[in-house]
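Right, one structure below, let's go through it.
The values are calculated or read from the model by the stated rules, or taken from the named source; none is laboratory data. Keep in mind the model is a prediction, meaning the values are calculated, not measured. Cβ placement follows ideal geometry from the backbone for every residue including glycine, while neighbour counts extend to all protein chains displayed. Keep in mind that these areas ignore ligands, DNA and RNA; they rest on the heavy atoms of the full protein, side chains included. Shrake-Rupley method; radii C 1.70, N 1.55, O 1.52, S 1.80 Å.
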Amino acid sequence: MKEGGILPKLFSMGGAITIDRSWRANGENVKRQLDNSAQDKIGMGLNHGWVVSFPQGTTKPYAPVRKGTAYLIKEHQPIVIPVVINGFRRAFDKKGLRFKKRNTKLTVHFKAPMHFLPDESLESIIERVTKAIEQEAPENSSLAAS
């Protein structure tokens, strides 16, 4: 975040929790040791208020919810408030800074808070979050017809 431009600097100054991705850097795949301090940082953020997370880690539609998101939910037992944003990909470029199509209707829908059981499986958490943020991949129509 320190070298990534004006937007990351603003996030950092605003108190963003910075985490080094263990699998990507500058658009390339890398192999790093697992950084367990990230979970500690997120835990501190939750203890001091709230944390905004992007569970898919990308703006691509129907990308899977990351297992780390489920692990953090299981570990810290936060109240999860799913947010669905419709129209974002039509309106903005991949970085979300430039308009692709003006006058696109954007809607933001805050859903009911979710609670998870301490013994709930990671797979169940992922499934519930995926459904709540409306990112279940549509069934392939050619498979459904056969």
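List of remarks:
- Any hit, the range 73-83, residues being in contact with a Lys or Arg (Cβ under 9 Å, 6 or more places away or on another chain), among the aliphatic types (A, V, I, L, M), open to solvent by 40 Å² or more (accessible area, probe 1.4 Å) and under 23 Å from PRO8 (Cα atoms): yes
To keep it simple, each residue is scored yes or no on (1) at pLDDT 85 or above; (2) part of a loop (DSSP other than H, G, I, E, B); (3) not hydrophobic (A, V, I, L, M, F, W, C).
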site	(1), (2), (3)
ARG21	no, yes, yes
GLN33	no, yes, yes
GLN39	no, no, yes
SER53	no, yes, yes
ALA70	yes, no, no
ARG89	no, no, yes
LEU97	no, yes, no
ASN103	no, yes, yes
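- Scan of the range 72-85 for residues that are closer than 13 Å to GLU134 by Cα, modelled with pLDDT of 90 or more and not in a loop (DSSP other than H, G, I, E, B), ordered by number: VAL83
- Conditions (1) out of contact with any strand residue (DSSP E or B) (no Cβ under 7 Å at 6 or more places or on another chain); (2) open to solvent by 30 Å² or more (accessible area, probe 1.4 Å): number failed by ALA63: (2)
- Sole exception among (1) open to solvent by 90 Å² or more (accessible area, probe 1.4 Å); (2) more than 20 Å from ALA16 (Cα to Cα) for ASN47, by number: (2)
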